Ligand SMILES: Nc1ncnc2c1ncn2[C@@H]1O[C@H](COP(=O)(O)OP(=O)(O)OP(=O)(O)O)[C@@H](O)[C@H]1O
């Protein structure tokens, strides 16, 4: 019941262009690899660390490595940079043309080592006990610190500027795997740092790609990115773009975003200036490909964020078109990274089409929610939902937590419902705004800005805001209408309790949500949450039998280990012997406990650890 939710809120931790082809103004192009674009002309040529060079070579993608985007716009993009140089380390790309805006807003002293830095508000201890599973052939070992990974000095400097002291578990495992050139399917809890886990290896790889320099074809007005990052929503693409730009600051690696609902001309101009990493939503990318303004033939890295969403029925045809029917190099000739907090088994199966000899990584259980989030479920009749929400918000106000320090995200099922609830909240004295698919892009962006700033500390949203958005100070997520799918619930509540901070999620449950009862109750149990007796009774009656979590109910599990999966006549792909028995079945949750039932029985190519 809602009695103590406000206490929980109180407890929420405070704080909780480079183009690779360059052109002089006269139009002659001279290739300048990204890692040199930012350096004084006199600087020594970089020496590739053995580990990296070996890894890249081992990847056997030399035919495709490097090259990159080509600039043909009037401003020449990286083209003009050869003369003027990428030599203004503190100031940006090139004087007089395009100045790289400092995304950190100031010129921080970044000369500290990682050890000396303070990272306020991040509770890394929260991640210490997370179970990690990897499977696949020859899995590269995890690292403990960023310093253990040779990402390149400029990128390291940006990591320090971001105040990332040490890698999160998914980063510790995923970055070395990607740096070694391996394909990856990675599943890690919401808010655990997946964006950096795929951005760092891409930026680092492009920075060093000069060893295999290959020029893109001379095609006027066509952009040739080396990396493509696809995400399902415009807002998420913008967020990834902002993050990637921070990480790539002064590395010479140029990041461009393309998404629907915004004028295409500006995006075309950005692309013409050159692009190394293109962050895009699928629809707008298809448009750009059909207009022949982007070619994927130089792609070395493909990352799908929220990969399970990208491959579900809604997006799959577009993704197949982009990845399989245009000019992108096939699996094995590019590196593919799939990331999500949830990975239903059938989607894993589909995703395998896009990967080559990949490593499966699960940090925490597939589709589980983090126990940093206090989850409450309250029985609320449909007709009482508004007044119940009002009670919650009043309690929150009375508790003195308001404004930017305590943002509340309210999920509803329909766009109409979002409009109507927003209106009702406003007329009842609660400053609210709304985001959903029927709003213009301008309205959507304005709503997010207003919410983030605390001007309207309540955001009513449909599932368009369920995935990926990293909004500081979201203290409370309310599932006013529960989703039909437990994975959607996981993503929604994951908008709070991020990066080691705690958060609160309240769900309004009634008969209409019966089909979710069992999955919800199991998820809550697994995250050490109190399950109300009435919900357990609903769960016991529930006919929900959907088992999308790849094997054991909430098991972190690579679908390739299913005995039903076979390839080349081998019933158990990894030859893990009795693996399937240990792993499968409904008692997964028990095996997975602190008793250590997780280890021991793995066959070759499978490792497991409690980090
Ligand atoms: N090593 C780190 N140290 C400190 N903070 C970090 C680190 N890595 C990432 N973060 C921060 O953690 C937050 C969450 O990261 P991110 O948005 O990448 O999570 P995610 O796993 O992609 O979540 P979701 O599943 O919701 O998409 C961000 O604010 C990010 O800046």
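The values are calculated or read from the model by the stated rules, or taken from the named source; none is laboratory data. Note that the structure is a prediction, hence the values are computed from the model and not measured. Neighbour counts are summed over all protein chains in view; Cβ atoms, including those assigned to glycine, are modelled from backbone coordinates with ideal geometry.
Go through 238, 199 for me and flag whichever is near the ligand (Cβ under 10 Å from one of its atoms) and within 20 Å of residue 279 (Cβ to Cβ). Show your work before the answer.
Numbers: 238 fails: near the ligand (Cβ under 10 Å from one of its atoms).
Result: 199 is the single residue among 238, 199 that is near the ligand (Cβ under 10 Å from one of its atoms) and within 20 Å of residue 279 (Cβ to Cβ).
Please determine whether any residue of segment 213-221 is over 26 Å from residue 129 (Cβ atoms), at pLDDT 95 or above and not in a strand (DSSP E or B).
Checking segment 213-221: not a single residue is over 26 Å from residue 129 (Cβ atoms), at pLDDT 95 or above and not in a strand (DSSP E or B).
Would you mind finding the one in 351, 307 that is buried (at least 21 other Cβ atoms within 10 Å of the Cβ) and within 15 Å of residue 231 (Cβ to Cβ)? Spell out how you get there, then give the answer.
Details: 351 fails: within 15 Å of residue 231 (Cβ to Cβ).
After applying the criteria, what remains is 307.
Which of the numbered conditions does residue 190 fail, given that it passes all the others? Conditions: (1) within 16 Å of the ligand (Cβ to nearest atom); (2) outside any loop (DSSP other than H, G, I, E, B); (3) crowded, with 24+ Cβ neighbours inside 10 Å.
(2)
Looking at 306, 243, 290, which is the one that is on the phi > 0 side of the Ramachandran plot and modelled with pLDDT of 95 or more?
Numbers: 243 fails: on the phi > 0 side of the Ramachandran plot; 290 fails: on the phi > 0 side of the Ramachandran plot.
Result: 306 is the single residue among 306, 243, 290 that is on the phi > 0 side of the Ramachandran plot and modelled with pLDDT of 95 or more.
Within segment 449-469, which residues are within 16 Å of the chain's Cα centre (by Cα) and buried (at least 22 other Cβ atoms within 10 Å of the Cβ)?
Matches in segment 449-469: 465, 466, 467, 468, 469.
Please determine, by comparing only the residues of segment 141-150 that are part of a loop (DSSP other than H, G, I, E, B) and within 16 Å of residue 168 (Cα to Cα), which one is modelled with the lowest pLDDT.
Here is the first cut: in segment 141-150, the ones part of a loop (DSSP other than H, G, I, E, B) are 141-145, 149-150.
Subsequent filtering for residues that are within 16 Å of residue 168 (Cα to Cα) retains 141-145, 149.
On the way: 141: 96, 142: 96, 143: 96, 144: 93, 145: 94, 149: 90.
Among residues in segment 141-150 that are part of a loop (DSSP other than H, G, I, E, B) and within 16 Å of residue 168 (Cα to Cα), the one modelled with the lowest pLDDT is 149.
Taking segment 470-500 as the search range and keeping residues that are surrounded by fewer than 24 Cβ atoms within 10 Å (Cβ to Cβ) and under 21 Å from residue 168 (Cβ atoms), which one is farthest from the ligand (Cβ to nearest atom)?
473
With (1) closer than 30 Å to residue 263 by Cβ; (2) in a loop (DSSP other than H, G, I, E, B); (3) away from the ligand (no atom under 16 Å from the Cβ) as the list, and residue 444 as the residue in question, which single condition is left unmet?
Answer for residue 444: the failing condition is (2).
Does residue 137 count as modelled with pLDDT under 90 and assigned to a loop (DSSP other than H, G, I, E, B)? Break it down into steps so the answer makes sense when it comes.
On the way: modelled with pLDDT under 90: no; assigned to a loop (DSSP other than H, G, I, E, B): yes.
Taking the combined requirement at face value, the residue does not satisfy it.
If residue 317 satisfies all but one of (1) surrounded by fewer than 24 Cβ atoms within 10 Å (Cβ to Cβ); (2) under 24 Å from residue 174 (Cβ atoms), what's the number of the condition it fails?
Here residue 317 clears every test but (2).
Just to be sure, is residue 366 over 25 Å from the mean Cα position of the chain (by Cα), within 22 Å of residue 530 (Cα to Cα) and either in a loop (DSSP other than H, G, I, E, B) or modelled with pLDDT of 95 or more (or both)? Explain how you work it out, then say what you get.
Working: over 25 Å from the mean Cα position of the chain (by Cα): no; within 22 Å of residue 530 (Cα to Cα): yes; either in a loop (DSSP other than H, G, I, E, B) or modelled with pLDDT of 95 or more (or both): yes.
Against the criterion (over 25 Å from the mean Cα position of the chain (by Cα), within 22 Å of residue 530 (Cα to Cα) and either in a loop (DSSP other than H, G, I, E, B) or modelled with pLDDT of 95 or more (or both)), residue 366 does not qualify.
State which residue is surrounded by the fewest Cβ atoms within 10 Å (Cβ to Cβ) when the search covers only segment 151-176 and only residues that are near the ligand (Cβ under 10 Å from one of its atoms) and part of a loop (DSSP other than H, G, I, E, B).
My answer is 163.
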